[in-house]
1. Residues in the stretch 85-109 that are in contact with a strand residue (DSSP E or B) (Cβ under 9 Å, 6 or more places away or on another chain), outside any loop (DSSP other than H, G, I, E, B) and without any contact (Cβ under 8 Å) to a residue 40 or more places away in the chain: how many?
2. For residue 200, are the conditions met, namely being of a type in the set (Phe, Trp, Tyr), closer than 28 Å to residue 41 by Cα and surrounded by 15 or more Cβ atoms within 10 Å (Cβ to Cβ)?
3. With the requirement that a residue be of a type in the set (D, E, K, R), surrounded by fewer than 19 Cβ atoms within 10 Å (Cβ to Cβ) and without any contact (Cβ under 8 Å) to a residue 40 or more places away in the chain, what does the stretch 245-293 give you?
4. For the stretch 307-318, which residues satisfy the criterion of being touching a Ser or Thr at 6+ places or on another chain (Cβ under 6 Å) and either among the aromatic types (Phe, Trp, Tyr) or closer than 26 Å to residue 203 by Cα (or both)?
5. Specify which of the listed residues (285, 271, 298) is basic (Lys, Arg) and farther than 22 Å from residue 178 by Cβ.
6. Residue by residue through the stretch 77-100, note down the ones that are of a type in the set (Lys, Arg), over 13 Å from residue 126 (Cα atoms) and at pLDDT below 90.
7. Could you grab me the full set of residues in the stretch 105-120 that are of a type outside the set (Ser, Thr, Tyr), crowded, with 24+ Cβ neighbours inside 10 Å and farther than 19 Å from residue 172 by Cα?
Amino acid sequence: MHQPVVYIVKGRDEVLRLGEQLIAFSERCGQSGAMQDLSFFVTKPGKLPRTPYLLLVSRSADLNVAKPNLDELLGVLLIFEFRALGLATGAFATNDRSGRSTLIARPEDRLSLAALCSRTLLDRGAQMILMSLRGPMEGAEPGEQGVVGNSTIPMGTTGENVALWTSRTRTIPGYLPLAKTFDATLAKVGQRTRSNLRYYRRRAELRLGCAFLPEIDVTREDMLAFNRECMYTVSEQIAGWRYDSLKALSNPIFMGIKDGDGRWLSMLGGRRYNDRSEILWQLNRDGYGADSIGTVMRSYCIEHEIGLGSRRLYIEGGTPHPIRFSFVPEELIDLAVMRKTVSARVMQTIARRYISGDNELSLILRENDLEWAGC
């Protein structure tokens, strides 16, 4: 086989134009839904502005980037370059903590293509690359080899060792499996969590007159006002983006609960695709900690989504709620590549100091026991 060729599509509009082809390609690779609702991930705000890059890995030297032939594609990587003061920084990172929408390829090809894409970005001047991706787990036949091989991440070398790289594997709570009924689903959840999902819901109905609305219609201004009255309130920019982004989803979830006086207690936004549901965000009114409003909302949500035929419930970004212990575990690989320059060292220092401590990609830069190799 000829050496694969990497093509780069840069910019939000340019990436979104390939949405239908990316959805079809993810189905071929056994990553159903991974590129569904791409606009949510491409427009998601962060502490710094970001430019999306789509790297198309092809077996063809003349791929039509505007309308790629799926038979010629080997893989696709979605990654973002940070900007500061309107300038490109050369720092790249993925934007999906679950790794589901990062790199689309056959399981046996993912590691080799992650390495190839990293090398391509380095050749174009990247200073730092951080990505989380799904490893060669599900779908690969025993002994089957990928484009370059799959035993390790084959970063290769130019003989100059212009960069250093390291990786680690970790397990995350993937999704809650949903049975055909609410009771059957809870039967497989931990006893304490199962009791809480039922207890706090009954309590809220009796004490607060709680009512569940599976589809709500509120204005942007109403949601922004409610956000200001919630626990863990987010900025006006993020709250507004959450509201606006629902309109671009193929099958959005926008549900809520009110008390007996008609006041909002909780709002939840998400999406549905295939037989899966995903919670993207949740707002809970402040001052109701003893009522565990977040648990009440999730109890209603789980039952409603089961009734619609969903068989998996994801929570974007994960959750600290004990229900995570009942999730199916999934494996992720974190890959970090650092150019051996002063600029890269400065970026690493900034990431260590200022990126949120719960960000797994920043944590890899803080670990002292990882081995770094030249590439």
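1. Initially, the stretch 85-109 is screened for residues in contact with a strand residue (DSSP E or B) (Cβ under 9 Å, 6 or more places away or on another chain), giving 88-107, 109.
Filter once more, so that each one left must be outside any loop (DSSP other than H, G, I, E, B): 88-93, 103-105, 107, 109.
Checking which are without any contact (Cβ under 8 Å) to a residue 40 or more places away in the chain leaves us with 88, 92, 103.
The number of residues fulfilling the criteria is 3.
2. Working: of a type in the set (Phe, Trp, Tyr): yes; closer than 28 Å to residue 41 by Cα: no; surrounded by 15 or more Cβ atoms within 10 Å (Cβ to Cβ): yes.
Judged against the criteria, residue 200 is not a match.
3. Those that are of a type in the set (D, E, K, R), surrounded by fewer than 19 Cβ atoms within 10 Å (Cβ to Cβ) and without any contact (Cβ under 8 Å) to a residue 40 or more places away in the chain: 247, 263, 275.
4. Initially, the stretch 307-318 is screened for residues touching a Ser or Thr at 6+ places or on another chain (Cβ under 6 Å), giving 310, 313.
Result: 313, single match.
5. Numbers: 271 fails: farther than 22 Å from residue 178 by Cβ; 298 fails: farther than 22 Å from residue 178 by Cβ.
Of 285, 271, 298, the one residue that is basic (Lys, Arg) and farther than 22 Å from residue 178 by Cβ is 285.
6. Of the residues in the stretch 77-100, the ones of a type in the set (Lys, Arg) are 83, 97, 100.
Keeping just the survivors that are over 13 Å from residue 126 (Cα atoms) gives 97, 100.
Selection gives 97 alone.
7. We begin by selecting, within the stretch 105-120, every residue of a type outside the set (Ser, Thr, Tyr); these are 105-111, 113-117, 119.
With the extra rule that they be crowded, with 24+ Cβ neighbours inside 10 Å, the set shrinks to 105, 109-111, 113-114, 116-117.
105, 109, 113, 114, 116, 117 - these are the residues of the stretch 105-120 that are of a type outside the set (Ser, Thr, Tyr), crowded, with 24+ Cβ neighbours inside 10 Å and farther than 19 Å from residue 172 by Cα.
The rows are residues; the columns are (1) surrounded by fewer than 20 Cβ atoms within 10 Å (Cβ to Cβ); (2) closer than 26 Å to residue 127 by Cα; (3) at pLDDT 95 or above.
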position: 305; (1), (2), (3): no, no, yes
position: 311; (1), (2), (3): yes, no, yes
position: 321; (1), (2), (3): yes, no, no
position: 325; (1), (2), (3): yes, no, no
position: 333; (1), (2), (3): no, yes, no
position: 338; (1), (2), (3): no, yes, no
position: 346; (1), (2), (3): yes, yes, no
position: 353; (1), (2), (3): yes, yes, no
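The values are calculated or read from the model by the stated rules, or taken from the named source; none is laboratory data. The structure presented is a predicted model; accordingly, all values stated were derived computationally and were not measured. Every residue, glycine as well, gets a Cβ built from its backbone with ideal geometry; the counts of neighbours run over all protein chains shown.
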